[in-house]
Amino acid sequence: MLRILLINDTAKKVGRLKAALTEAGFEVIDESGLIIDLPARVETVRPDVILIDTESPGRDVMEQVVLVSRDQPRPIVMFTDEHDPGVMRQAIKSGVSAYIVEGIHAQRLQPILDVAMARFESDQALRAQLHARDQQLAERKRIELAKGLLMKMKDCNEEEAYTLMRRQAMSRQQKLIQVAEQIIAMSELLG
Amino acid sequence: MNETSVGPLAWVNGSDAPEKRAINLGFMALSDCASVVVAATQGFAQPYGLTLNLKRQASWANLRDNLVSGELDAAHSLYGLIYAVHLGIGGIAPTDMAVLMGLNQNGQSLNLSQGLQTLGVTGPEALARHVHQSRAKLTFAQTFPTGTHAMWLYYWLASQGIHPLQDVNSVVVPPPQMIAHLQAGRIDGFCVGEPWAASAVQQDLGFTLATSQSIWPDHPEKVLGCTREFVEQYPNTARALVMAIVEASRFIEQSAENRRSTAQLLSAPQYLDTPETCIEPRFTGDYADGLGNRWQDPHALRFHGNGEVNLPYLSDGMWFMTQFRRWGLLREDPDYLDVARQVQRLDVYREAASAVGVAPCGSDMRSSQLLDGKVWDGSDPAGYARSFKLHALSDDAPLLAQR
C-alpha cells in the first residue's frame, strides 16, 4: 500500500483531492496544511509519495519542495489551478516530479502516481551518478595536491610520491584519499 | 603512477568515458582478493572516472546470486563459478557470463586435520591407505560445488588413487568458516585459499598436505567476473575497471614493501579481518606446512607476472569445463572452444592491458604439465576429459566398450 502524505495549500476546495484519493482506493496516512518544516514531517511520516494540493504554488511552497528534494527526497506530485508555464517550470526545477493542472479524476490518479514514481527514480539515479562524478573529481584533485606537496617535501618524482602515499595508506589500513588529507593538513600546519 | 600517453583525464572527458561510474565490486575474504581491494582503496580507478564500492560477500553462493541479479556489477570470482553459471550447472538458470581478466595464480592448498596427523596420516600414501582401509569415510570440505577448490581437491585425490566422489564425503563450507568447522571436528580435510589454511596451521588445528601450485604450477584461480550483459551495456566501464585492476596488480608486485603493506591492508576488519601474521608469510611465499617443513615457494600467490597472470587464456577456461565433464557435472561435451571464446573477454583485456602499458601476449592458449604428468594445452578438450583413470563420466558404457 502506497503511503501518501497530503499537503493542502488551498483554502477554498479543502478535501477535493482527498475525496478523489479515497474513491480510487488510496489511503492518506497524514494530512496537513502547508507547514514550515516539511522535511521533518517527511522524516517522521516516511511517505512513499507527497501530494501537494495548491491553487497557485507560491514562494513558500517552492521553498519546502526544494528542502524536501535535498534532505528527504521523495516523489512529489503537485495538483494546481495555475496555468502559467513559468510557475510550472519553477516547480519542476524545485523538484516536483509531476505537475497536474486542474481536473482531479479518481481514475487518473493511479497512472499519474506511476509516472511520478518512475520519473523520480530516474532523477535519483542521475543525481547519484552526478554526485559520484563530483566526488571522484574532488578526491582526484585532493590526491594530486597531496602528491605535489609530497614531491616537494621529499624531493622525489611523481611515481615515487604515489608509491609512498599508497604504502603509507595500506600499512595503516586506510584509503589513499585519507593519507592525502593528512598530508595536506600537515602541510597547512607547518605552513 | 603509470601515466598513459593520452593522459588519464582523456578517459574521463572523451568518448571513452565510462558509461557507469560507480561500480559495486564483490569479493570474498581471501588473500587473493588483494588486487581488487588495492585498486578500490588506493586511487587506481579515479583517473578513469570510476568509483569502486567494495562489497564483501558471506559465501560464494551469495556472491553468485548477487552477481547474477545485478546487485554486484563485477566480482572477485572462482573460475569454476563463472562457468557453472554460464552453463547452468548447479540448479540455477544459465546466465551468459564473462571473464574480464585473471586476478591471481596459485596460493590455495589441501589440508588435513590434527586428528589425522595424530594417526600418522601425514603424506599422500598414508592418506590413500587410510581411505581404503578405514570403514568410516573421511569428510573433505571445499568452497563451492564447481569451484576451483573442489577441482583441486578432486584432481589431487584422484592422482593418489582416491576417488573423490566415492571414497570420501565432500561438503561445501564458505572460506571464512573453514577453521570453525575444523575446530568442531566436522571435517577431516579441506581445500581453501589463504589465509585460512595458514591460520589452521598456526593454530595447530591442521597441516598442509599439498599446495595447489604443486598440482599445477601457476594454475588459474580467481578471475574478475561479470555478466555478459554488463560488458555489452558498459564496455568503457568494463575496460576502465580492468585497467585499474591490472595497474593495482602490477603495483602489488613492484617491490617487497608493496607486498608487505598490501598484506597489512588486507588484515583490516572490513577485508579479511585476520591477523597479519596469518596473511603475510604465504602472501610472500614463505610456507610452513605444520609438519616442521618450511620453504620459499617458487610458485607462490601472484597477481601480475608482467600480465601472464591477468590474460584470460582460453585454455584456462576450457580446463574447468573438462573437469566438470570428468566428474559428471556436465552430462555431455560442450563446444569447449566456442564456450571459452564467449566467456573469456580477451578483447577487453588486451585493449585495457595495452592502454596501461602491459604487453598483451598474443597467444590465446598456454601449455602446462600437471602433477600426474598430463599435459594440458587446450588442443583436445573432449579427449582430455576422457583420459583420466578415475572419473565420474555419466556415459561409461561406450568408454568401457572401447577398451
On a C-alpha basis, how far is the centre of the range B:130-200 from the centre of the range A:46-95 in Å? Whole number, if you could?
62 Å
Per-residue Cβ contact counts at 10 Å, fewest first, order B:Thr237, A:Thr22 as A:Thr22, B:Thr237
In the protein assembly as shown, what % of DSSP beta bridges are antiparallel (nearest 5)?
45 percent
Taking chain B as a Gaussian network, Cα atoms linked when under 10 Å apart, which of B:Arg250, B:Arg341, B:Arg331 shows the biggest mean-square fluctuation?
B:Arg331
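If each DSSP helix of 4+ residues adds -39,500 (n - 2.57) and the sum is divided by the residues in the protein assembly as shown, what number results at 222 nm, nearest 500 deg cm²/dmol?
Mean residue ellipticity, 222 nm, calculated: -14000 deg cm²/dmol.
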Helix B:256-266 against the longest principal axis of chain B: what's the angle in degrees, Cα atoms only, rounded to the nearest 10?
80 degrees
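Counting Lys and Arg as +1 and Asp and Glu as -1, each charge on the Cβ, what is the dipole of the range B:257-353 about the Cα centre in debye, to the nearest 20?
80 debye
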Entries of A:Lys141/A:Lys175; A:Lys93/B:Lys20; B:Lys137/B:Lys222; B:Lys20/B:Lys55; A:Lys147/B:Lys222 with Cα pairs more than 23 Å apart
A:Lys93/B:Lys20; B:Lys137/B:Lys222; A:Lys147/B:Lys222
Between the range B:359-374 and the range B:272-334, what is the C-alpha centre distance in whole Å?
14 Å
In chain B the DSSP beta bridges are antiparallel at a rate, in percent to nearest 5, of 65 percent
On C-alpha positions alone, give me the angle between the axis of helix A:176-190 and the longest principal axis of chain A, in degrees, nearest 10.
70 degrees
Residue of B:Leu100, B:Leu157, B:Leu241 that the Gaussian network model of chain B assigns the largest fluctuation, springs spanning Cα pairs under 10 Å:
B:Leu157
Once you charge only the Cβ atoms, +1 for Lys and Arg and -1 for Asp and Glu, what is the size of the charge dipole of the range A:65-137 about its Cα centre, to the nearest 20 debye?
260 debye
Contact order relative to length of the range A:4-104, as percent, for alpha carbon pairs under 8 angstrom and 6 or more apart
28 percent
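Go through the range B:296-399 and name the GluC sites (Glu not before Pro) that are in a DSSP coil and have 13 or fewer other Cβ atoms within 10 Å of their Cβ. Display every interim value, and only then the final one.
Working: sites: B:Glu308, B:Glu332, B:Glu351; in loops: B:Glu308, B:Glu332.
Those satisfying the criteria are B:Glu332.
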In debye, nearest 20: dipole of the range A:4-104 around its Cα centre with unit charges on the Cβ of K, R (+) and D, E (-)?
160 debye
Using only alpha carbon positions, build the gyration tensor of chain A, then give the equivalent ellipsoid semi-axes as the square roots of 5 times its eigenvalues, largest first, whole angstrom.
51, 16, 15
Across the range A:160-168, in residue order, what do the Karplus-derived ³J(HN,Hα) couplings come to in whole Hz, using 6.51 cos²θ - 1.76 cosθ + 1.60 with θ = phi - 60° and x for Gly and Pro?
5, 4, 4, 4, 4, 5, 5, 4, 4
Of all DSSP beta bridges having both residues in the range B:108-218, the percent classed as antiparallel (nearest 5) is 60 percent
Helix B:346-355 versus the longest principal axis of chain B: what angle, 0 to 90°, nearest 10, using Cα atoms?
50 degrees
What ³J(HN,Hα) values, in whole Hz, does the Karplus curve 6.51 cos²θ - 1.76 cosθ + 1.60 give for the range B:334-345 when θ = phi - 60°, with x put for Gly and Pro?
x, 7, 3, 5, 5, 5, 4, 5, 6, 7, 6, 8
Using only the Cα atoms, work out Rg/Rh for the range A:1-92, with Rh taken as the Kirkwood radius, to two decimals.
0.94
For B:Lys374, the lysines lying under 21 Å Cα to Cα, once residues fewer than eight places off in the same chain are dropped, come out as B:Lys389
Here D for the protein assembly as shown, in µm²/s, from Stokes-Einstein with a Kirkwood Rh over Cα pairs at 25 °C and 0.890 mPa s, works out to 90 µm²/s
Relative contact order for chain B: what is it in percent, counting Cα pairs under 8 Å that are at least 6 residues apart?
22 percent
For the range A:135-190, shape from the Cα gyration tensor axes a ≥ b ≥ c, cut at a/c of 1.5 then a/b versus b/c, turns out rounded
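Which of rounded, prolate or oblate describes the range B:108-218 when judged by the alpha-carbon gyration tensor and an a/c cut-off of 1.5?
rounded
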Just name one of A:Gln72, A:Ile35, A:His83: the one whose Cα is farthest towards the positive end of the charge dipole of chain A (beta-carbon charges, Lys/Arg +1, Asp/Glu -1).
A:Gln72
Counting other C-beta atoms within 10 Å, and keeping those with at most 14, which DSSP coil GluC sites (Glu not before Pro) do you find in the range A:6-113?
A:Glu27, A:Glu55, A:Glu102
Listed with the fewest Cβ neighbours within 10 Å leading, A:Arg59, A:Arg140 appear as A:Arg59, A:Arg140
Connecting C-alpha atoms closer than 10 Å in a GNM of chain A, tell me which of A:Val65, A:Val96, A:Val115 has the biggest fluctuation.
A:Val115
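No lab work stands behind these numbers, since they all come straight from the coordinates. Source: prediction; values computed, not measured. Please note: Cβ atoms are built from the backbone with ideal geometry, for glycine as well, and neighbour counts cover all protein chains shown.
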